[in-house]
Protein chains: 2
Amino acid sequence: MPRPRGFDEDTVLDAATDLFWRRGYAATSVRDLGAAMRLSAPSLYNAFGDKQGLFARCLDRYLDGTMRARIRRLESGKPPRRAIEAFLGEIVAASLEDPRGCLLVNVAQELGPHDAAIASLVAARTAELEGFFLRALRAGQAEGRIDAGLPAEDMARLLTTTVFGLRVLARSRPDRALLHGAARQAIAMLIPPAKEPAP
Amino acid sequence: MPRPRGFDEDTVLDAATDLFWRRGYAATSVRDLGAAMRLSAPSLYNAFGDKQGLFARCLDRYLDGTMRARIRRLESGKPPRRAIEAFLGEIVAASLEDPRGCLLVNVAQELGPHDAAIASLVAARTAELEGFFLRALRAGQAEGRIDAGLPAEDMARLLTTTVFGLRVLARSRPDRALLHGAARQAIAMLIPPAKEPAP
DNA sequence: CAAGTTATGTAGCGGACGGTATAGAACCAT
DNA sequence: ATGGTTCTATACCGTCCGCTACATAACTTG
């Protein structure tokens, strides 16, 4: 019967995720990770393999716990346009409050050009986000609450791109007027002209 | 009379800029820089002070040579709406072709949270970009070629945020449909409804 | 008790990091 | 020729990097 672990895995993964999120992958050392996680190097390597393996665990865990959860919650709890508005509102609020930004976006920028697995993951998650917007846009257009004058695909793409931009600005220029204004305009473009007849 | 330098400054700065642009600051070592610049370490330090000093030189030079030049060119050569359309078109084309993305955006993400000077620089350059959009939007609204139904400020903010997003996607998800679609929608929102009376 | 399995702590590995010391080189002026 | 100034090359510094060796610890089973 092996010796039991002396740490709680969720707790140490939270600590590691936070460091990677703040500093990026290259600028986060294994010693700093160990200190934050309160683990010696052999314990850390024993439990997670190596720096890269730990990073992958942190990233997977982060991704399952943030964007997907938000999409699920909003998609199931609100009408289409409200879901988009709430999504953007939450992203702006988070971006103003948390200078870490979004780990996916951070990783996309840092590792995307050099790491095929990361680029692949970014593609998949980007598609999920776009998919959420597209579903909501189509449903909203069908019920006449979202402007049907332009393709929902392009709207979804602009919203997706906007979210990426907001998340970079979170780290470097979290200006209330800028972020709120961008979201306000993005939402405004959804509104059908007053002349749009109900379907 | 001192010994003349054995290198061309522009050439070595180009080489260094390229490395920082591709890899980011933390993941670029002084040895790699030296190799790319074909300078020994003492020569590099003698000429540029230290890694940080070299980085600052590269960044200043990049910033003067890219966004400002583009804004100047488009602003003086095209009508307002055309200038915005061309700007976005060029950003999309560059983003599809060059996986380095944009050094300002890369730096914003990597160093923005930890380096007040960088955050300050990002703020200033973001304001310049926003200023370009705002001038063009106002002029376009005044001549009736851009929708005056929403505040030009919010439009400028969304366009600015979109550019940041496009530049992150350049590194991680340079998908033609996504980037072109986002730009197409951003441009479409500028168009006044057919009912908008000319001023 | 011993055996087996995995976890943890101290100490250390080889190599990479940003940067420096020092000697000699390249140039002009006297 | 010497003197003065800055530039460059080789070698090196102290420290940090990701990771490992090895002894001991913690647990269950027989």
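The values are calculated or read from the model by the stated rules, or taken from the named source; none is laboratory data. Being a predicted model, the structure only gives us computed values, none of them experimental. Note that each Cβ is placed from the backbone with ideal geometry, even for glycine, and that neighbours are counted across all protein chains shown. Keep in mind that these areas ignore ligands, DNA and RNA; they rest on the heavy atoms of the full protein, side chains included. Shrake-Rupley method; radii C 1.70, N 1.55, O 1.52, S 1.80 Å.
Within the range A:112-129, does at least one residue satisfy the condition of being crowded, with 23+ Cβ neighbours inside 10 Å and more than 7 Å from chain B (Cβ to nearest Cβ)?
No, that holds for no residue.
Residue by residue through the range A:6-35, note down the ones that are touching a Phe, Trp or Tyr at 6+ places or on another chain (Cβ under 7 Å) and within 12 Å of DNA strand D (Cβ to nearest atom).
Selection gives A:PHE20, A:TYR25, A:THR28.
For the range A:36-51, name all the residues that are away from chain B (no Cβ under 14 Å), in a helix (DSSP H, G or I) and either touching a Phe, Trp or Tyr at 6+ places or on another chain (Cβ under 7 Å) or more than 12 Å from DNA strand C (Cβ to nearest atom) (or both).
Selection gives A:ALA36 alone.
For every residue, the table says whether it meets (1) assigned by TED's automatic domain parsing to the domain that holds B:ARG173; (2) at pLDDT 95 or above; (3) over 16 Å from the mean Cα position of the chain (by Cα).
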| site | (1), (2), (3) |
| --- | --- |
| B:CYS58 | no, yes, no |
| B:PRO79 | yes, yes, yes |
| B:VAL92 | yes, yes, no |
| B:GLY101 | yes, yes, no |
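Checking the conditions here, which among A:LEU179, A:LEU158 is open to solvent by less than 10 Å² (accessible area, probe 1.4 Å), under 19 Å from B:ARG125 (Cβ atoms) and either in a helix (DSSP H, G or I) or in contact with a Lys or Arg (Cβ under 8 Å, 6 or more places away or on another chain) (or both)?
Only one candidate passes the filter, namely A:LEU179.
Quick check on this structure: which one of A:ARG22, A:ARG57 is touching a Pro at 6+ places or on another chain (Cβ under 9 Å), assigned to a helix (DSSP H, G or I) and open to solvent by 60 Å² or more (accessible area, probe 1.4 Å)?
A:ARG22
Please determine whether any residue of the range A:14-22 is more than 22 Å from the chain's Cα centre (by Cα) and touching a residue at least 24 places away in the same chain (Cβ under 8 Å).
No - not one qualifying residue is present in the range A:14-22.
Considering only the range A:161-199, how many residues are touching a residue at least 24 places away in the same chain (Cβ under 8 Å), at the interface with another protein chain (Cβ under 7 Å from one of its Cβ atoms) and farther than 21 Å from A:GLU97 by Cβ?
Residues in the range A:161-199 being touching a residue at least 24 places away in the same chain (Cβ under 8 Å), at the interface with another protein chain (Cβ under 7 Å from one of its Cβ atoms) and farther than 21 Å from A:GLU97 by Cβ: 2 in total.
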